[in-house]
Each structure stands twice: as C-alpha cells, then as structure tokens.
1. May I ask for the net charge around ASN192, where only other residues with Cβ less than 10 Å from the Cβ of ASN192 are counted and Lys, Arg are +1 while Asp, Glu are -1?
2. Treating each Cα of the chain as an identical point scatterer and ignoring solvent, apply the Debye formula and state log10 I(q)/I(0) at q = 0.06, 0.11 Å⁻¹.
3. Pull up all non-local amide H partners of ILE225: gap of 5 or more, or a different chain, and H-to-H distance under 5 Å with H placed in the peptide plane.
4. Work out the charge dipole of the chain with +1 on the Cβ of Lys and Arg and -1 on the Cβ of Asp and Glu about the Cα centre, then indicate which of HIS308, SER145, LEU172 is farthest towards its positive end.
5. So, in Å, what gap is there between the alpha-carbon centers of region 48-112 and region 117-175?
6. Where both partners of a DSSP beta bridge lie in the chain, what percent of those bridges are antiparallel, to the nearest 5?
7. In whole Hz, what ³J(HN,Hα) sequence does region 319-328 give by Karplus (6.51, -1.76, 1.60; θ = phi - 60°), x for Gly and Pro?
8. Which three numbers, in whole Å and largest first, are the semi-axes of the equivalent ellipsoid of region 176-327 derived from its Cα gyration tensor as √(5λ)?
Amino acid sequence: MVQANQEGAEDSASASATSPRKAGSEEISGTAESPESGWEPAYSGIANFMRQPSSRDFEAADVVLCGIPCDLTTSNRPGARFGPRGIRAASLQLAYGEHWPWGFDPFDRLALVDAGDISFSPGYVDSMLRETESFARAVLAGGASLLSLGGEHLVSLPLLRAHAAVHGPLSLVHFDAHSDSWSDEPELGHGNMFYHALNEGLIDPSRSVQIGVRTYNAEDHGIEILDADWALDAGADAVSRRVEEVVGPGPAYLTFDVDCLDPAYAPGTGTPVVGGFSTRFARQVLAGLTVIEFVGMDLVEVAPAYDHAGITSLAAATLALDFLCLIARDRPERGG
Ligand SMILES: [Mn+2]
C-alpha cells in the first residue's frame, strides 16, 4: 500500500508543476513551493479534501465540497459532527492520482473546491437547516454541483430543499440500514427527514429507491426498498440494474448513510446495524449506476470516535471519491 502510494505520487509530481497535490502550493502564496521530495506524505499537511484547493469562490468550480458538522438530533451515539474532519483526513491517503479501479484522476476532469464547513449556532436545529439550505442554494445558483459530508442524516433535508428548488422533485437514491421515513416521531430528526421531504414534495417516491435497509418500518411511502439480504443475494450488478430501472431519466440525488455498510466495515457511526454491505460491495453497486443523472450527493453519519483504525472514515472518503469518478467518467480532461 505504501509502495503503491509512493509510486503514484512520484508520477503525479513529475506530471505537472502545478499539481494541487503538491503540498498546497497553489493555495498559499509567499511560501515554499513544495517539499524537496516533490510530494507530501498522507500524514502531513493541510487536510483539505483530497488536497484540493480551499476556496469559497464557486465560479470556477464544477463541484463544491462542504462539511456539515451536525449531530443535533442523533438518536443513539453522538459524534457525527466530527465526520467531515475525519473524512478529510482519511482522504489524504487517497490523494495520489488515479483512483482504483477507475483508472483516472477525477480532478483532471472536475474542478473541485473544498469550501470548508457550514457554520451554524451549535445546538440549534433551525440554524443548521437555514444555513445549510442557504449555502447549498448559493452553490447551485453558481452552476456547481455540491458534495456534502455529514454530519447526521438530517442534513439531507435542507440539501434536498435546495436541490429541489433548482431541479424539481428528485429521485432519491438512498443507501442506508434505515428508511429514515418513520412518520410517528414528534420532532424533526435524523430518523424521519425523508418523511418530511416526501410531504414537502422534494422527492418523487415513484422514482426513488432505498438500498441496504435492514430495519423495520411499517410504511414504505411508495419507495422501492432493496433490502440488505435481497441485495447481497442478488449481487451488485443486479442491484445497480434495478436501481437504474426505478430511477429512470431525470435528476437524482444520492444520499449515502455510512451505516449501510456492515459494522465490520464501518463501526464509526451512530446507529450501526449488523448484516450490511462490505465496502467493496457498496463500491460495486455505486460504480454500476452509470446512466443515472446525479445532481448532488451527501455522505453522512461518520462518527470517528467509534471508529477503529480509521476504517469508517477511509470507506467514506473512498465512496465520495467514487462518486466523483462516476460523474467524471465521461468528461474530457480539463483544459486539454
Ligand atoms: Mn442509517
């Protein structure tokens, strides 16, 4: 692993004097260009996502990445507010050029800026909802796509509000151990925001699908559920094909709760449920969704305090990078 990273790093360092992976040399003026070695090891440096530029200038960006450090309504173990930081740190060991098994570097094709985290008043759900929707609307108005890192899953509601304002009712492609559409909870929270999203008309249930579910909810609200047992028996390719059949043409929003993965692969989360996907299986399903028109994505519920050896954060960073490869796969190289 270390050997592979070093080889990749040498390749990318020699390829371009302005590589954004060269120790942040583009972002910081008046400092040393780069380390003498020409590359920076994964444990070192500023932890922007994938070492992409830190910026709130969205004009030139194809994709804006943000963190939403919120765990206000977490129903079991809190700590997802540290998710964005954990995922960014884990991403540094992936920031060495071509991403396996895609065979290309998505940042040769997509300009991504890491906008940092959305700030809101700690402890106030309304503040998080307002600030997140406002930020997302500003990004989308500038023409960029948004890749959001949670945070608890409630963050998807203001993100869906902003995306639906631009695109109309969305197909929801939802990876999760839980449906998060329970209708019997008195307050808005991370177990019912998709029930509220349905009531608000943000989601088209007939074009939506939930993948990896392995908890009970008496109501499916008309959304197709590919539960974890069915999916694992059917195989990744069959799951991808069924998701594409349900979604069809039109804008889709991807939301990935890391607890879709089995706790063996993602212990660092608030409400783990056994019997889930391996990281590899989830990657295969995601990579198979090649004809869906994704307009945005969030990846949520990483809680690094319960993680072991960083495997949950690494899985999340890898899945976020897979999503970027998925939307970049048919694009030409930038400026080339
Ligand atoms: Mn969940």
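Coordinate-derived values only; no laboratory data. Please read these numbers as outputs of a predicted model, since none were measured by experiment. Note that we place each Cβ from the backbone using ideal geometry, even for glycine, and neighbour counts take in every protein chain shown.
1. -4
2. At q = 0.06, 0.11 Å⁻¹ the computed log10 ratios are -0.19, -0.66.
3. GLN210
4. SER145
5. Between the Cα centre of region 48-112 and that of region 117-175, the gap is 15 Å.
6. On the way: 2 of 37 bridges.
Beta bridges within the chain, antiparallel portion: roughly 5 percent.
7. Each residue of region 319-328 in turn: 5, 5, 5, 4, 4, 5, 5, 4, 7, 9 Hz.
8. 22, 20, 15
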